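The values are calculated or read from the model by the stated rules, or taken from the named source; none is laboratory data. Nothing here was measured: the structure is a model prediction, and the numbers come from that model. Cβ sites come from the backbone with ideal geometry, for glycine too, and all protein chains shown count toward neighbours. Surface areas here come from the heavy atoms of the whole protein model, side chains and all, with no ligands, DNA or RNA. Shrake-Rupley method; radii C 1.70, N 1.55, O 1.52, S 1.80 Å.
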Amino acid sequence: MRSIWLLATLAVLASARTLKEPAKLSYEGYEVYQLNIRNKIHLQLINKLTEMSNEYNIWKDYEEYSKQVHVMVSPKAKSHFQLLLKLFGISNELMIANVQRLIDAEQPVTRDSGDGFGWKRYYELEEIEAWLDSILAAYPSVTEGFTIGKSFEGRTIRGIKISHGTNKPGIFIESNIHAREWITSATATWFINELLSSKQTAVRSLADNYDWYIVPVFNVDGFEYSHRKDRMWRKTRQPHPTNNCIGVDGNRNFDSHFMENGGASDNPCSETFAGAAPWSEPETKALSDYVTSIKDKFNVYLSFHSYGQWLLTPYGHTMVLPPNYDHLQDIGAAFAGAIKSLPYATEYVHGSTATVLYVASGSSVDWAYNELDKKVGFTIEYRDKGRFGFLLPPAQILPNCEELMAGMIALIDKTKQLGYL
Ligand code: 0X9
Ligand code: ZN
Ligand code: ZN
């Protein structure tokens, strides 16, 4: 009798264990360092280290503007890492002492059930989609849902068109191509809500005079994975056939100057892996098909990222400046000036991707610029400069949103003045 009890208990325990989902990755004790790169050897060391070992993760690639890299280091690798820094004479600063503490601070302990979408915390894909449905239902005459296509794991990539009439000049916004950049979809959803509900004259004129195509969460698989398993996930989720590493950097997978000038990696374990070929990911292929199908309906392409406070123009694949760079810089100055004049006085730097940031080839904005001839294209890198990095505290969501709105009003205004809209 007693042994039957034991068996039953064991069976229950065993099934409970198999039913339980694998736990979320913990970043307890993980640190983030800012490194000052003085020469090629420094850079090669950091690149090798981060590509060869899972104990390291690049948060911010080497930047031309600051000559710095941000890298996350596991507690296991910490002492070895510090030794290497000393040995190679790399000066550095500890930016984040415990990544897990910031991840915990991102989520409230209790769920705010009932008070709806308030941009006071970060939401999961399911919540964002339910909110999108409610918005489509609340504003049926000026909104229309659209579908980009299916992700590798079979999720639907959705967008919303906001239009107050037919054939107004359009603006296309793609957001959260990089999974861990949560502030991007938080800002995109807030922006959608403002276009529909704000009474401010400047916002009304954005909504009334233009057609908006907005994809708040583009990398749906990666985004879901960043919520459920690994907060620091960046890439897509398609496994690589000959390798254990998973996913591609969506923003290196577009068919425009693919893999050129070292602007992406051919190592599947790298955070900037370009993929085996352009459009190897169903997500980027679907986006390119959709965007191509509406190419006569929009003039401006924007891509939302974090972090660093940048407004980046093409080109990413070369330090050569694009033909209308002066115009793009005028627009950039208007955007940055508007943000700087808010009470937060946040500084955005504007310039071409390859000259201020780093060479990045096969990106969405460059593809729209080069292949679809969309001569106003920007990557916006939101808050902050690295104090919190991808783990921007929820209290900063709304300030970041306000900054985007001020910047966007100025950006669209200048773009129109220069004759692009
Ligand atoms: O590297 C990227 O893809 C972007 N930075 S991030 O830290 N969010 O990953 C910059 C994209 C630059 N855009 C262009 N190449 N036009
Ligand atoms: Zn080329
Ligand atoms: Zn990004």
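Could you list, in sequence order, the residues of the stretch 352-377 that are charged (D, E, K, R) and open to solvent by 10 Å² or more (accessible area, probe 1.4 Å)? Scanning the stretch 352-377 gives Glu371, Asp373, Lys374, Lys375. Is it true that Tyr301 is closer than 17 Å to Asp249 by Cβ and buried (at least 17 other Cβ atoms within 10 Å of the Cβ)? The answer is no for Tyr301.
Conditions (1) aliphatic (A, V, I, L, M); (2) more than 16 Å from ligand 3 (Cβ to nearest atom), marked per residue:
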| site | (1), (2) |
| --- | --- |
| Ser141 | no, yes |
| Ser151 | no, yes |
| Asn167 | no, yes |
| Ile183 | yes, no |
| Ile192 | yes, yes |
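Looking at Glu174, Glu153, Glu194, just one residue is open to solvent by less than 20 Å² (accessible area, probe 1.4 Å) and touching a residue at least 60 places away in the same chain (Cβ under 8 Å), and that residue is Glu174. With the requirement that a residue be surrounded by fewer than 16 Cβ atoms within 10 Å (Cβ to Cβ) and closer than 21 Å to Gly116 by Cβ, what does the stretch 197-215 give you? Listed by number, the residues that qualify are Ser197, Ser198, Lys199.
Within the stretch 248-281, restricting attention to residues that are open to solvent by 40 Å² or more (accessible area, probe 1.4 Å) and not in a loop (DSSP other than H, G, I, E, B), the residue that is farthest from Val220 (Cα to Cα) is Asn261. From the list Gly250, Gly165, Gly170, Gly222, the lone residue that is in contact with a Lys or Arg (Cβ under 8 Å, 6 or more places away or on another chain) and over 22 Å from Lys60 (Cβ atoms) is Gly170. Assessment of the stretch 219-229 against the conditions (over 18 Å from Pro282 (Cβ atoms), at pLDDT below 95 and either open to solvent by less than 30 Å² (accessible area, probe 1.4 Å) or not in a helix (DSSP H, G or I) (or both)) yields no matching residue.
Looking at the stretch 321-418, the helices (runs of 4 or more DSSP H) lying wholly inside it that each contain 3 or more residues that are in contact (Cβ under 8 Å) with a residue 40 or more places away in the chain and closer than 30 Å to Tyr27 by Cβ sit at 397-417. The residues of the stretch 320-334 that are within 23 Å of the chain's Cα centre (by Cα) and either surrounded by fewer than 17 Cβ atoms within 10 Å (Cβ to Cβ) or within 16 Å of ligand 3 (Cβ to nearest atom) (or both), listed by number, are Gln329, Ala333. The residues of the stretch 125-152 that are closer than 23 Å to Ile177 by Cβ, of a type in the set (Gly, Ala, Ser) and not in a helix (DSSP H, G or I), listed by number, are Gly145, Gly149, Ser151. Check whether at least one residue in the stretch 378-399 is surrounded by fewer than 18 Cβ atoms within 10 Å (Cβ to Cβ) and within 16 Å of ligand 2 (Cβ to nearest atom), and report yes or no. No, the stretch 378-399 has no match at all. Residues in the stretch 282-298 that are more than 16 Å from ligand 3 (Cβ to nearest atom) and either open to solvent by 10 Å² or more (accessible area, probe 1.4 Å) or acidic (Asp, Glu) (or both): Pro282, Lys285, Ala286, Asp289, Tyr290, Thr292, Ser293, Ile294, Lys295, Asp296, Lys297. Scanning for something within 20 Å of the chain's Cα centre (by Cα) and in a strand (DSSP E or B), does the stretch 163-171 turn up at least one residue? Yes, some residue in the stretch 163-171 is within 20 Å of the chain's Cα centre (by Cα) and in a strand (DSSP E or B).
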